[in-house]
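Written out below as structure tokens is the structure these notes cover.
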Amino acid sequence: MVESIAERITHIRSNLPESVRLIAVTKQVSVEAMRAAYAAGIRDFGENRVQEAEEKQAQLKDLPQITWHLIGHLQSNKAVKALEQFQWIHSVDSLRLAQRLDRLAKELSCTPNICLQVKILPDPNKYGWIIPQLLADLPELNRCQNLKIQGLMTIPPQGLDHLQTQSLFEKTHELAAEISQKNFSRINIRELSMGMSEDYNLAINAGSTMIRLGRIIFGERRTTGADMLSNTT
Ligand SMILES: *Cc1c(COP(=O)(O)O)cnc(C)c1O
């Protein structure tokens, strides 16, 4: 494994198709390490907690042109802050949350970029729509005028082998195509937010457009098993 954060980023980048956006996941990562990533060209940062992101954003104010991505479960009482701080919310995981974000976005006069988080396989440790429920909710989601619903996001359950993971990413891609065919005027799924340190090559093979990489850039997090299993806030 190559040594510095900059070297790791350069190495990962050199193998990425142009169509893939690299989001550096910086939960539990220091602002110094984030500055190193920025210096190496990273402009997309992903955080899973609103509060942690707020503190870091204050410390990184001098760095222009960062796009902030919320990738962790959003509690409804933090929705306003999330809209103020993030340009992308990948973890919209229920109709209720989408409708709340839509109302608040109108009040705040913003138009957040949204991914709908889906569970392709049953997984009690993760948030997200199961497929039939998502399909049933699409007409209501299409009424959320202030949201730019642009993508699907998924996190595979723990313990899948490569083939199972590949198949899960392919199913996510197929689901995106199925949704597009329904021609909802305001749901324009063109992004697939999938792929983390362990599986991003499989995700890219299946058409991912946004990979979310943490450990492979910044090293292991000091973390609990429970944190790894879910993307809970
Ligand atoms: C932590 C996290 C990542 C990054 O995971 P790594 O294994 O460190 O690459 C990506 N997506 C979500 C939703 C996460 O919570």
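Rule-based calculations on the coordinates, nothing more; no lab input. All values reported here derive from a predicted model rather than from experimental measurement. As a convention, Cβ positions derive from the backbone with ideal geometry for all residues, glycine included, and neighbour counts pool all protein chains shown.
Return the FRET efficiency for the residue pair GLU52, LEU108: r is the Cβ-Cβ distance, R0 is 30 Å, and the value is rounded to the nearest 0.05.
My answer for the efficiency is 0.90.
Tell me the Rg and the Dmax, in Å, that the Cα atoms of the chain produce.
16.9, 49
Kindly provide the GluC sites (Glu not before Pro) of region 1-51 that DSSP labels as loop, not H, G, I, E or B, and whose Cβ sees at most 14 other Cβ atoms within 10 Å.
Counting only loop positions with at most 14 other Cβ atoms within 10 Å, the GluC sites (Glu not before Pro) in region 1-51 are GLU3, GLU18.
Residues with amide H under 5 Å of GLU191's amide H, sequence separation 5 or more or different chain, H placed in the peptide plane at 1.01 Å from N; which?
GLY151, LEU152
What residues qualify as long-range amide H neighbours of GLY46, i.e. H under 5 Å apart, gap of 5 or more or another chain, H built at 1.01 Å from N?
ALA24, VAL25, THR26, HIS69
What list of ³J(HN,Hα) values in whole Hz, one per residue of region 196-201 in order, does the Karplus curve 6.51 cos²θ - 1.76 cosθ + 1.60 (θ = phi - 60°) give from phi, with Gly and Pro shown as x?
10, 3, 7, 9, 5, 5
Can you order the peptides 110-116, 131-137 by their average number of other Cβ atoms within 10 Å per residue, highest first?
For the peptides 110-116, 131-137, the packing ranking is 110-116, 131-137.
Which order results if ILE217, ILE66 are arranged by neighbouring Cβ count within 10 Å, fewest first?
Result, fewest neighbours first: ILE66, ILE217.
Would you kindly derive the ³J(HN,Hα) couplings of region 204-217 from the backbone phi angles with the Karplus curve 6.51 cos²θ - 1.76 cosθ + 1.60 (θ = phi - 60°), listing them in order in whole Hz, with x for Gly and Pro?
5, 4, 8, x, 4, 10, 9, 9, 10, 10, x, 4, 5, 9
Looking at region 1-88, what % of the alpha carbon pairs are farther apart than 18 Å?
Cα-Cα pairs of region 1-88 separated by over 18 Å account for 44 percent.
Could you pull out every residue, at least 5 positions away or on a different chain, whose amide H is within less than 5 Å of the one on ARG21? Hs are placed 1.01 Å off N in the peptide plane, and Pro or chain starts have none.
Amide H to amide H, under 5 Å and 5 or more residues apart or across chains, ARG21 pairs with MET210, ILE211.
For THR209, THR10, what ranking results if the residue with the fewest other Cβ atoms within 10 Å of its Cβ goes first?
THR10, THR209
Can you sort ILE189, ILE9 so the residue with the fewest Cβ neighbours within 10 Å comes first?
Taking fewest neighbouring Cβ atoms as first place, the list is ILE189, ILE9.
Past 31 Å, Cα to Cα, is the threshold; run LYS106/LYS171; LYS119/LYS148; LYS61/LYS182; LYS78/LYS119 against it and keep the listed order. Could you put the intermediate results ahead of the total?
Details: LYS106/LYS171 33 Å; LYS119/LYS148 21 Å; LYS61/LYS182 41 Å; LYS78/LYS119 23 Å.
Those over the limit are LYS106/LYS171; LYS61/LYS182.
Could you go through region 181-189 in sequence order and give the Karplus-derived ³J(HN,Hα) for each residue, using 6.51 cos²θ - 1.76 cosθ + 1.60 with θ = phi - 60°, rounded to whole Hz, and x for Gly and Pro?
Values per residue, Gly and Pro as x: 5, 6, 6, 6, 5, 9, 10, 10, 7 Hz.
Highest mean first, what order results for 69-76, 57-64 on Cβ atoms within 10 Å?
69-76, 57-64
Find how many whole Å separate the alpha carbon centroid of region 1-80 from the alpha carbon centroid of region 175-212.
Going from one Cα centre to the other spans 20 Å.
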